[in-house]
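The values are calculated or read from the model by the stated rules, or taken from the named source; none is laboratory data. Quick caveat, the model's predicted, so the values are computed rather than measured. Positions of Cβ are backbone-derived with ideal geometry, glycine not excepted, and every protein chain shown enters the neighbour counts.
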Amino acid sequence: MKQLKIKGVYKSFGKKNLLEDISFELKTGEILGVFGRNGSGKSSLLKMIFGTLPANHIQIKIDSEIIPVSEIIPRQLISYLPQDSFLPKGMTVRNVIPLFCDEEEKQNKVFYAPGVSKFDSVKVGKLSLGQLRYLEILLIGSLDHPFLMLDEPFTMLEPLYIELIKELLLKLKEQKGILLTDHYYAHVLEVTDANFLLKDGIKQDIFSKKDLYENGYISS
């Protein structure tokens, strides 16, 4: 079991403080959900951990080792699914898979994952949004990174692929620690072991749907 510790995240844009002293822990075998309204800093938090957005301050520790942000990507410690697709649109699914999976066993896990055979000959640019997000999570989930971050894995997807992704995440968490954020709160609550809300730059622990209501994230 590995443990990811994020401590003291601060981020400001000019005079506006986006995040103030955000800290949390995530272990392999767990899924942690992050809630927050648009502009609350959810995506920025993931980008700062991944190293594609500079933080005013952030400490990242895996087990007892402090990891510089610059080493997250080259050391393959955390994989990241951004909101925007990163796959080449002109390639077919069956040709994209080997770009991420260099071992035949890993390729087969993606090829033979539930539902993939229905679109494996389709070009990436022609996939539905559900097919695309499912494929992307299968691909980055096949990497050896112990931690996985997902930015809006459910938003605007067909119900079939939402269910496939939830099943996939529960399987992936057997080996990985997963951090995810999505406005489809009911689906998040179904798969997570713990959750927190970002509001006015502060972290608030969430234990139930009632907490989301009481913190003004959802209406009654």
Might you let me know whether region 115-127 holds any residue that is surrounded by fewer than 13 Cβ atoms within 10 Å (Cβ to Cβ), outside any helix (DSSP H, G or I), polar (S, T, N, Q) and without any contact (Cβ under 8 Å) to a residue 60 or more places away in the chain?
yes
Looking for whichever is assigned to a helix (DSSP H, G or I) and either surrounded by fewer than 18 Cβ atoms within 10 Å (Cβ to Cβ) or without any contact (Cβ under 8 Å) to a residue 12 or more places away in the chain (or both) here; the options are Glu174, Glu136, Glu163. Which one fits?
Glu163
Scan region 41-48 and give yes if some residue there is modelled with pLDDT of 95 or more, under 24 Å from Leu170 (Cβ atoms) and part of a loop (DSSP other than H, G, I, E, B), otherwise no.
no
Every listed condition ((1) buried (at least 20 other Cβ atoms within 10 Å of the Cβ); (2) more than 14 Å from the chain's Cα centre (by Cα); (3) in contact (Cβ under 8 Å) with a residue 40 or more places away in the chain) holds for Ile72 save (3)
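Here's the yes/no breakdown for (1) in contact with a helix residue (DSSP H, G or I) (Cβ under 6 Å, 6 or more places away or on another chain); (2) under 22 Å from Gln175 (Cα atoms):
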residue: Asp63; (1), (2): no, yes
residue: Arg75; (1), (2): no, yes
residue: Arg94; (1), (2): no, no
residue: Tyr112; (1), (2): no, yes
residue: Phe119; (1), (2): yes, no
residue: Leu160; (1), (2): no, no
Output for region 57-103, where each listed residue is outside any loop (DSSP other than H, G, I, E, B) and of a type in the set (Asp, Glu):
Glu65, Glu71
